[in-house]
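S.K.: Dropping a structure here in structure tokens format, bear with me for questions.
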Amino acid sequence: MNTSVELLVLKVVIAPVFVGLLSLIALRYGHRTAGWLVALPVNTGTIVFVLTISEGPGFAATVALGALLGIVSISVFTIVYARSAVRLPWPVCLGLACLGFLASTLVLSRFPELVVAELVAAVVAVAVVLRFVPIGKELEGPPASPRWEIPLRMFTAASLVLVITTAAGALGPRLSGLLSPVPVFTITLVIFTHSRHGPAPVFVFLNGLQYGLFSFAAFCAVVGVLLVPDGLAVSFAAGLAAFLAVYAVLRRVLDRTSDRVESKPGEPR
């Protein structure tokens with residue numbers, strides 16, 4: 001089985017399963033938690049793993065660093081969708097956001113590979129978007145959901161992977177990396193949430209996603225730097241450790257900030 005077929009099989013299996021799990025998590029624990037979990041390096045990690053074995057660590061490291069810079073494009077998708085959702089229906093928001101993602105990817109593909117600059121660009125992009133995404137409101141209680149909705153979400157995710165993988169075939173490592181974090185999971189969850197419940201929970205989800213991207217950036221940067229000199233096992237272990245460390249620090253800071261705001265008497269909430 002060649003590399004492209006292996007990737008396609010893995011992604012078509014992983015995408016619907018992951019979307020199904022995220023949908024259940026969103027129903028039980030809220031859209032903010034689901035947003036954080038979307039940033040897990042499931043798609044990119046799978047791609048880098050397979051390409052390391054088939055194409056070599058140098059090629060795969062370039063893909064990982066391309067995914068790091070691809071966070072800028074994800075941030076563009078987020079801000080375009082969020083600001084459009086204030087007034088426009090979800091099909092228009094999705095079209096505009098996807099155009100923003102593709103335009104950003106094409107521009108970024110011309111940038112030279114500089115790890116520090118890419119990491120700074122990713123972090124700055126996420127921080128800027130967090131400043132301008134509207135504050136949403138989580139749904140009160142688990143929303144009613146027909147039995148067919150989660151299977152439909154899973155089918156939608158698999159279909160998106162097929163379309164994107166076909167369109168992105170025969171690309172070099174740089175553009176493959178930039179496209180590896182293409183927001184398949186985000187698109188699937190956002191359109192179903194927006195169409196059924198309006199934009200407010202979508203804003204909650206997108207805020208959670210942006211915070212999760214800080215951890216994703218740490219994973220991509222560490223794997224991209226360590227893959228060639230230290231190999232697959234060490235780089236992935238270090239990348240996952242960096243992901244979890246950034247996640248833990250961010251959650252601690254956010255929890256403390258939330259507690260501090262709630263403890264101030266006499267202030268409007």
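The values are calculated or read from the model by the stated rules, or taken from the named source; none is laboratory data. Everything numeric here is computed off the predicted structure, so don't read it as measured data. Note that each Cβ is placed from the backbone with ideal geometry, even for glycine, and that neighbours are counted across all protein chains shown.
S.K.: Exactly one condition in (1) more than 18 Å from L213 (Cβ to Cβ); (2) part of a helix (DSSP H, G or I); (3) modelled with pLDDT of 80 or more is false for P112; which is it?
M.R.: (2)
The rows are residues; the columns are (1) in contact with a strand residue (DSSP E or B) (Cβ under 7 Å, 6 or more places away or on another chain); (2) modelled with pLDDT of 95 or more; (3) of a type in the set (A, V, I, L, M); (4) in a helix (DSSP H, G or I).
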{"residue": "G70", "(1), (2), (3), (4)": "no, no, no, yes"}
{"residue": "V80", "(1), (2), (3), (4)": "no, yes, yes, yes"}
{"residue": "L88", "(1), (2), (3), (4)": "no, no, yes, no"}
{"residue": "S104", "(1), (2), (3), (4)": "no, no, no, yes"}
{"residue": "R131", "(1), (2), (3), (4)": "no, no, no, yes"}
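S.K.: So, one more: If I135 passes every condition in (1) over 22 Å from A26 (Cα atoms); (2) touching a residue at least 24 places away in the same chain (Cβ under 8 Å); (3) surrounded by fewer than 17 Cβ atoms within 10 Å (Cβ to Cβ); (4) not polar (S, T, N, Q) but one, which one does it miss?
M.R.: (1)
S.K.: A further question follows. Examine the range 72-90 for a residue that is buried (at least 24 other Cβ atoms within 10 Å of the Cβ) and over 22 Å from V184 (Cβ atoms), and state whether such a residue exists.
M.R.: Checked against the condition, which is being buried (at least 24 other Cβ atoms within 10 Å of the Cβ) and over 22 Å from V184 (Cβ atoms), the range 72-90 yields no hits at all.
Listed here are the residues, each with its yes/no results for (1) over 22 Å from I150 (Cα atoms); (2) at pLDDT 80 or above.
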| site | (1), (2) |
| --- | --- |
| V19 | no, no |
| S23 | no, no |
| Y29 | no, no |
| L40 | no, yes |
| I47 | yes, no |
| I74 | yes, yes |
| P91 | no, yes |
| G95 | yes, yes |
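S.K.: Working only within the range 48-74, note down all residues that are out of contact with any Asp or Glu (no Cβ under 7 Å at 6 or more places or on another chain) and closer than 24 Å to L206 by Cα.
M.R.: Once the filter is applied, which keeps residues that are out of contact with any Asp or Glu (no Cβ under 7 Å at 6 or more places or on another chain) and closer than 24 Å to L206 by Cα, the range 48-74 yields A64, G66, A67, G70, I71, V72, S73, I74.
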